[in-house]
Amino acid sequence: MKPLMICLPLILAICGLGCNSTSDSKNENNTVQIDDYSAQLDSLIQTTDPRSFNGVVLITQNGKTQYAAAHGYHHFEEKTPMTLGDKFRIQSNSKQITAVLILQLVEGGKIDLSSPIRTYLPNLDQTWADIVTVHHLLNMSSGIVGIHEPLIFEPGTNYRYSNPAYGLLGRIIEQVTGQTYAEVAHALFQEVEMQHTFCYDYDEGRGTVINGYAQTGNDYRIVDLYELGMTKKGWRDFLPAGGIISNAQDLNIWDTHLHKGKILTPESYQRMITYDIKGRHDAFGADTIGYGYGVRVADKQSPKVIGHAGRGLGFASIKFYIPEKDLDVIVLENVYNDDPSIIYHFEKKIRELVLSSHLVK
């Protein structure tokens, strides 16, 4: 089944987007700006080796769309073409939203980043709740691998990516606000005018997100959340770590607001992108880079790149922002390849292509 590529002016107009991927543009001085990325991106997302791309790509700079494409199907069985407005599971990109909710509560004086988490979750049975702080949960330095397991290192001394840590952050948000995590998050989405972003409801979520597929060779099979053994109780803790639904346009709104000071105070934002722990992630290359609060920060070479990736339940994604260039890149896929070495193949290639283009140089 060969995926379909859509990058048409009509579709982009409907979505409120332009597409500059096939033509050069001129700046205010009438000098030609070299478009050395659109044709390469078009070619890349149509390749089938080592796997096929199935999803959307949206690149904006200075508030203008530089590239937008939808390729493949959001429903393979019915061959329904992908569109830029389709809603995806953003998986671990949800963590960035959870981190912002925590920081907003810090701004309101309701949370202290240096306090042990038992301050907010007094009923936790684990003794490590007395030494793990909110800061440790946010920057992946808690040492938590499971709620009912011992820590694997002393908090603050090392990096270990932890979904359970962000589940605990969700519980802290609920404890402090007296609301559900979804209620607090939805209030933020409404404020930011992200009209297509929401927390997936375990009981009523079917049909609100496009299908996610697992791929083995040329075989695509739907990943059904309800067949994976996930319970409603388990979903409560997974939601802050990876349960948010969004689309490319809304994520672009989020990045624009977040990185331009429209969601957090300057002090909170700087705290979010400051790191004292480093880790590695396939989608961001071979180097070990910083981990802030729900964001990865690559700043040892110019320009600085701030972003995150996500995968699972039939989806894979990356989004990153380059402050120096006011450049935002969003890649969303609804196919998760069973070969772990190529899950982030296109996310890596698109990142590399953009960073070597005149959008950055």
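Ranked by solvent-accessible area (1.4 Å probe, protein heavy atoms only, all chains present), the residues Val106, Val360 order from largest to smallest as Val106, Val360.
Using the Cα centre of the chain as origin and beta-carbon charges of +1 (Lys, Arg) and -1 (Asp, Glu), tell me which of Leu137, Val331, Gln195 is placed farthest towards the positive end of the dipole. Of Leu137, Val331, Gln195, it is Leu137. Summary: within the chain, the longest segment free of GluC sites (Glu not before Pro) located in DSSP loops with at most 16 other C-beta atoms within 10 Å is 205-361. Relative to the compact-globule estimate of 2.2 N^0.38 Å, the Cα radius of gyration of region 202-356 comes out at 1.11.
The simple spin-label model puts a point 7 Å past each Cα toward its Cβ; for Glu154 and Thr288 those points are separated by 1.8 nm.
Farthest towards the positive end of the charge dipole of the chain, among the residues Thr265, Ala68, Thr48, is the Cα of Thr265, using unit charges on the Cβ of Lys, Arg, Asp and Glu. For the chain, the Stokes-Einstein estimate of translational diffusion at 25 °C and a viscosity of 0.890 mPa s comes to 117 µm²/s, using the Kirkwood hydrodynamic radius over alpha-carbon pairs.
Using a ≥ b ≥ c from the Cα gyration tensor of region 117-272 (square roots of the eigenvalues), is it rounded, prolate or oblate, where a/c under 1.5 gives rounded and otherwise the larger of a/b and b/c decides, a/b for prolate? Here region 117-272 falls in the oblate category. For a 26 Å ceiling on Cα separation, which of these pairs sit above it: Lys110/Lys278; Lys64/Lys300; Lys79/Lys232; Lys262/Lys304; Lys260/Lys300? Over 26 Å apart, Cα to Cα: Lys110/Lys278; Lys64/Lys300; Lys79/Lys232.
Helix by helix, which DSSP H runs in the chain go 15 Å or more along their axis at the Cα atoms and have an average Kyte-Doolittle hydropathy of 0.0 or more?
Numbers: long enough: 94-107 (20 Å, 1.05); 163-177 (22 Å, 0.21); 181-192 (17 Å, 0.45); 248-259 (16 Å, -0.68); 345-355 (16 Å, -0.31).
Qualifying helices: 94-107, 163-177, 181-192.
Cα centroids of region 275-315 and region 134-176: 18 Å apart.
Which shape class, rounded, prolate or oblate, goes with region 83-150 when its Cα gyration tensor gives a ≥ b ≥ c as root eigenvalues, a/c under 1.5 marks rounded, and past that a/b bigger than b/c marks prolate? Taking the square roots of the gyration eigenvalues as a ≥ b ≥ c, region 83-150 is oblate. Pairs of alpha-carbon atoms within less than 8 angstrom and 6+ residues apart define the contacts here; what relative contact order does region 301-361 have, in percent? Once normalised by length, the contact order is 26 percent.
For Cα pairs less than 8 Å apart in space and 6+ apart in sequence, what is the mean separation divided by the residue count of the chain, i.e. the relative contact order in percent?
Numbers: 700 pairs, mean separation 76.0, N = 361.
The normalised contact order for the chain reaches 21 percent.
Rounded to the nearest 20 debye, the dipole magnitude of the chain is 320 debye, with +1 charges on Lys and Arg beta carbons, -1 on Asp and Glu beta carbons, and the Cα centre as origin. For trypsin sites (Lys or Arg not before Pro), the sites in region 205-296 that DSSP calls loop and that have at most 13 other Cβ atoms within 10 Å are Arg206, Lys260, Lys262.
Over region 175-232, the fraction of Cα-Cα pairs per 10 Å bin, rounded to whole percents and listed from the shortest bin up, is 18, 36, 31, 13, 3. Each of Asn218 and Glu267 was given a label point 7 Å from its Cα along the Cα-to-Cβ line. The distance between the two points is 6.1 nm.
The values are calculated or read from the model by the stated rules, or taken from the named source; none is laboratory data. Keep in mind it's a predicted model, so treat the numbers as computed, not measured. Positions of Cβ are backbone-derived with ideal geometry, glycine not excepted, and every protein chain shown enters the neighbour counts. Accessible surface is based on the protein model in full, side chains and every heavy atom, while ligands, DNA and RNA are left aside. Shrake-Rupley method; radii C 1.70, N 1.55, O 1.52, S 1.80 Å.
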